[in-house]
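Below: the structure, in C-alpha cells.
The values are calculated or read from the model by the stated rules, or taken from the named source; none is laboratory data. Here the structure is a predicted model, which is why all the values come from computation and not from measurement. Methodologically, a virtual Cβ is constructed for each residue, glycine included, from the backbone with ideal geometry; neighbour enumeration extends over all protein chains shown.
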Amino acid sequence: MAKKKVDTRKIDSSQFKLLLQSMTVAQIKDLIDQYNEKYVTNGPKSERLKGFSALKKEQLIEFVASALDHKEKRETYKKFEPEITRKKIENALDLISGEHKVEKVQQASLIPGGNGYKIWFKGKYGVHKTSVEVLRDSIQRTCDCRFAQFGGICMHQTAIFLMLISKKIISLAKIPFKVDKKWFASIQKRLDLIATQSLFKEEPAIMLSNGYKIYVNGDFVTYEWTGDFAGKKTKDLSKEDDDVETWIANKVVEIMLKHVKIKTKEGTPEYIVIDSFGVIDKIMERQDLIKKILRKFKALEDPSLPTEVSSLEAYLKKDLKETMTEIAIEPPFKAYQGKKPFLFVSYTHKDKAEVYPIINKLNKSGINLWYDEGIPLTTDWGDVLGEQIINCSLFLSFISPHVNESDNTKKEIKYASLKKKPTISIHLCETELSPGIEMILQDVQGIMKFKMDNAPFYDKLTSEINRLFKR
C-alpha cells in the first residue's frame, strides 16, 4: 500500500505572519475561535485566547503571532493558507478578466525592463496603485490597499503575479504562498484565454488622434509614432533639465500643433484621445502653452476651434477615452431596424464595456434593441435619437457617474420622460445623479446591478422587460 504523502514543509514565523497580514480582521478572529476550539475545548491547552475582540488588525497580528508556538503555527498555517490563497487567486483572476464585481483595471503599464507591472485598479471607493517587479534576488511589491499596508499579499498584487506567470516571467513557485498545482491547472486555462487581452499589453498614458503614444514609467518616458517612418524612443528624464510633467506637456502641445501653419492658415490640429496622465490639466496650468495653442487655432479661422481660454479645456477633453480597450470595443450587433416593437438603449460610451455584454445577451434572447450604432453618418443625430425614442416600446437606461458628464444621455432620459415611455434604469455602480435626472428616475423601476450576481440580475431584468415591454 502506498504511503500517504505528508506535508513536511517548515513554516517559519515570517511565513505565518505574512498569512495573518493577508487576512481580514474577521478571518483572524475566526482563526482564534478555531484555535480555541481545537486546542482548549478538545486539546491540551487549559486557557483560551481571549481579550482580542477590541484589537485592531496590527495588534491582532502580534497577538496571534506571539500566542502560538511553532507547532501550532504550522498546523494553523496548513489549515488556513489554502483557502486564503485560492480566494485571492480567484479574485485576482476576476480582476484581470474584467469580471470582478467591485474593481476593474483602469490602467496597466509594463515596468522598464519587462520584469513587472504597474497597475491602477479603480473601484467603488477609489483607486489603488499596485506594482510587482522581479529583481535578481527578490520580488519587490507595493500596493496602497489595506492588506498591503500591513505587509500582506492583496488580490491586486496577486493579479500581477498571475500576469507574470502567464508571461512566463516567473513560475508558480514564486508566489509567496503554496498553490496546489492540480487546482491551479483550471486557473491556468483561464489565464491562457485572456493572455491576449489589452491588459497584458503596455497601455499608453497619453495618445493623440494620429496614433502618437506616450508611456510613462517614473522618469522613463517612451514615445511611439506611426506613419511611413514609424518608430519608438525612450528618454530618461532624470538627466534632462525639465521635470517629467513639463517635458510631456511641451511634447503633447508640439504634436497637437505640428501640422498647423500660421502663415498659410493651413493644417488640422491633432486632439488628445487618452489622458490617464492628466496632461490636459498640466497644459491648462501653463500660460505659455495656452497662448501657443490659441494663437495657432485663431490663425486657422475654424469656427469649431476655441479661441478663448474659457472654452479651451472643454475642447481638449471632449474626445477623451478612458483606455485603449474602450477604443477597441466594437458594437456587438446591428441595431434593430423595422416595424416590430423594440427597446431603446440609452448609455454613455464610457460604459460600453459593461453595457455591450448585457444588451448582446438580450439581443440573443430574441429581444429587438436599438442603440446608437444604428445612426448613419449622413443623418441628423438629434432627429434620429428623438424618432427612435418616440417609436420605442421600452426605454432602457444604463446609469453610472458618466451620465452626469454626457449631455446626450441626459437629453435622452428627459425626452423619454416627456414622451412618457415605460423605463427601466440599470445602475452599473452607485451613482449620485444631477438633481434633474434623479427627479426623473425616482419613480422609475431601477435595478442595482452592482449589488447583484449575474444570474439574479438577468432574471430580474428579463422579468421587468416582460412586464413592461409591449410586443
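Candidates L95, L110, L49: the one that is under 22 Å from Q188 (Cβ atoms) and at pLDDT below 85 is L110. Among the conditions (1) crowded, with 18+ Cβ neighbours inside 10 Å; (2) in contact (Cβ under 8 Å) with a residue 24 or more places away in the chain; (3) assigned to a strand (DSSP E or B), Q106 misses just one, which is (1).
Note on the stretch 205-220: among residues that are in a loop (DSSP other than H, G, I, E, B) and farther than 11 Å from F277 by Cα, the one that is modelled with the lowest pLDDT is G218.
Is it true that E99 is assigned by TED's automatic domain parsing to the domain that holds F52, surrounded by 15 or more Cβ atoms within 10 Å (Cβ to Cβ) and out of contact with any Asp or Glu (no Cβ under 6 Å at 6 or more places or on another chain)? Judged against the criteria, E99 is not a match. Residues of the stretch 180-204 that are assigned to a loop (DSSP other than H, G, I, E, B), under 21 Å from the mean Cα position of the chain (by Cα) and either at pLDDT 85 or above or of a type in the set (K, R) (or both): K201 alone.
Scan the stretch 416-456 for residues that are among the hydrophobic types (A, V, I, L, M, F, W, C), at pLDDT 90 or above and surrounded by 15 or more Cβ atoms within 10 Å (Cβ to Cβ) and jot them down. Within the stretch 416-456, A416, I424, I426, I437, I440, L441, I447, M448 meet the criteria. If the condition is being touching a Phe, Trp or Tyr at 6+ places or on another chain (Cβ under 9 Å), part of a helix (DSSP H, G or I) and not β-branched (V, I, T), then the stretch 388-401 contributes Q388, N391. For the stretch 151-175, residues that are outside any helix (DSSP H, G or I) and touching a helix residue (DSSP H, G or I) at 6+ places or on another chain (Cβ under 8 Å) total 8. Inspect the stretch 422-432 for any residue being part of a loop (DSSP other than H, G, I, E, B) and more than 20 Å from K449 (Cα to Cα) and give the result as yes or no. Checking the stretch 422-432: not a single residue is part of a loop (DSSP other than H, G, I, E, B) and more than 20 Å from K449 (Cα to Cα). Would you check which residues across the stretch 356-374 are of a type in the set (S, T, Y) and crowded, with 18+ Cβ neighbours inside 10 Å and list them? Y356, Y371, listed by residue number.
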